[in-house]
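The values are calculated or read from the model by the stated rules, or taken from the named source; none is laboratory data. All values reported here derive from a predicted model rather than from experimental measurement. Counting neighbours? That spans all protein chains shown, and the Cβs are built from the backbone with ideal geometry, glycine included. Heavy atoms of the whole protein, side chains included, go into the accessibility calculation; ligands, DNA and RNA do not. Shrake-Rupley method; radii C 1.70, N 1.55, O 1.52, S 1.80 Å.
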Amino acid sequence: MRSAQAGDVPTFAVDASWPKALPNNWIMGQVGGITSDAEGHIWVFQRPRSLTDDEKAAALTPTRTKCCVPAPPVLEFDADGNLLRSWGGPGEGYQWFGNEHGIEVSGGFVWLTGNANDDSQILKFTPDGKFVLQIGKIAPAKGSNDTTQLGRPAEVTVDKDANEVYVADGYGNRRVIVFDATTGAYKRYWGAYGKPPVDDKQPPYDPKAPVAQQFGNPVHCVKVANDGLVYVCDRTNNRIQVFKKDGTFVKEWFYEKNTLANGAVWDVVIWPDPKQTWLLSADGANNEIRVLKREDGSVAGHFGSNGRSAGQFHWVHTMAVDAKGSLYTGEVDTGKRIQKFKLTSDALR
């Protein structure tokens, strides 16, 4: 077997010992979001209300069994899997979500999204859980061309240089929308191919039909690369669309086009080498992670399969990668877990 060479395709091995057991008899529900911060800490946004009575039996009245009770929604871990901080839930000055979804940590702040029917807002907190900003409010969405409300937003990413927050909006709307990250002031939005979005009912995805001219629901992820390209997960249309920061369409790539189910493009993370050579893409329908060349979207490798053993997935929903190339994944539906994959190739030079 040859030795690893600089520029190798990222490959991984699961670390079945991560994370360590939660304290306080806590148990985790579905993992809506996961992200890493500048310190290499891993932040998880999980759904306590997704736990079954059997899973949270110690929290019932009367208690049914010795374990367990729901963990708080926001959990911060170090790279070794130790829980460092936890918080979240309803509080004064903001409206909490009906269903926890996305998380982003950037510039010393934590951004959160939700995707329940009336989750038309995003929230910004300090790392200790102090409320800072709400954009939108819990109420019925006003459509993909309204600039005051969101529509069940899936995920945010922050462009620190421009001090802007991009929102994949989302499960109700069909667009990317951008706000000032400090004031929450509206900046711009766009739909598929950089065109204005429409909310007309779309036909079910059909791999034999002409390519959809609108985003499907959900618009599930948005990421901004150092060179200014913006990557958007059009989940149920099985594609990634690439834009400039002003919404100008650049290109698109399709994956597993015969996938019906819940779509083949659930999340994307950008590889942390200086050139950001690779993208990793989570496919929660086929339960695998694809390694893509960022230059042209071609598939350079993949790993994972459907199952419940370490290294397998059930509805892999979200991903994060730290500066050392360790990959972290979160699962929804009945998966309800996070996993760590250590880098096994020389792919960071």
Legend entry - residue 23 being touching a strand residue (DSSP E or B) at 6+ places or on another chain (Cβ under 9 Å) and surrounded by 12 or more Cβ atoms within 10 Å (Cβ to Cβ): no
Inset, instruction - Counting only residues that are touching a residue at least 12 places away in the same chain (Cβ under 8 Å), under 15 Å from residue 329 (Cα atoms) and aliphatic (A, V, I, L, M), give me the strands (runs of 3 or more DSSP E) lying completely in the stretch 1-117 with at least 2 of them. - result: 12-15, 30-36, 42-47
Inset, instruction - Report whether or not residue 172 is assigned to a loop (DSSP other than H, G, I, E, B) and open to solvent by less than 20 Å² (accessible area, probe 1.4 Å). - result: no
Inset, instruction - Give the residues of the stretch 256-272 that are open to solvent by 10 Å² or more (accessible area, probe 1.4 Å) and touching a residue at least 60 places away in the same chain (Cβ under 8 Å), sorted by residue number. - result: 272
Legend entry - Selected residue [aliphatic (A, V, I, L, M), surrounded by fewer than 19 Cβ atoms within 10 Å (Cβ to Cβ), farther than 22 Å from residue 129 by Cα and modelled with pLDDT of 95 or more] from 4, 16, 38: 16
Inset, instruction - Kindly indicate which of 136, 129 is touching a Phe, Trp or Tyr at 6+ places or on another chain (Cβ under 9 Å) and either of a type outside the set (A, V, I, L, M, F, W, C) or open to solvent by 40 Å² or more (accessible area, probe 1.4 Å) (or both). - result: 129
Inset, instruction - Mind counting the residues in the stretch 217-254 that are open to solvent by 10 Å² or more (accessible area, probe 1.4 Å) and closer than 22 Å to residue 171 by Cβ? - result: 8
Legend entry - Pairs, first over 14 Å from residue 10 (Cα atoms) in the stretch 285-301, second assigned to a strand (DSSP E or B) and open to solvent by 10 Å² or more (accessible area, probe 1.4 Å), C-beta under 6 Å, six or more apart: 287/306; 288/302; 297/253
Inset, instruction - Could you tell me whether the stretch 154-167 includes any residue that is assigned to a loop (DSSP other than H, G, I, E, B), of a type in the set (Gly, Ala, Ser) and in contact (Cβ under 8 Å) with a residue 60 or more places away in the chain? - result: yes
Legend entry - Condition met for residue 183 (open to solvent by 60 Å² or more (accessible area, probe 1.4 Å) and either touching a residue at least 40 places away in the same chain (Cβ under 8 Å) or not aliphatic (A, V, I, L, M) (or both)): yes
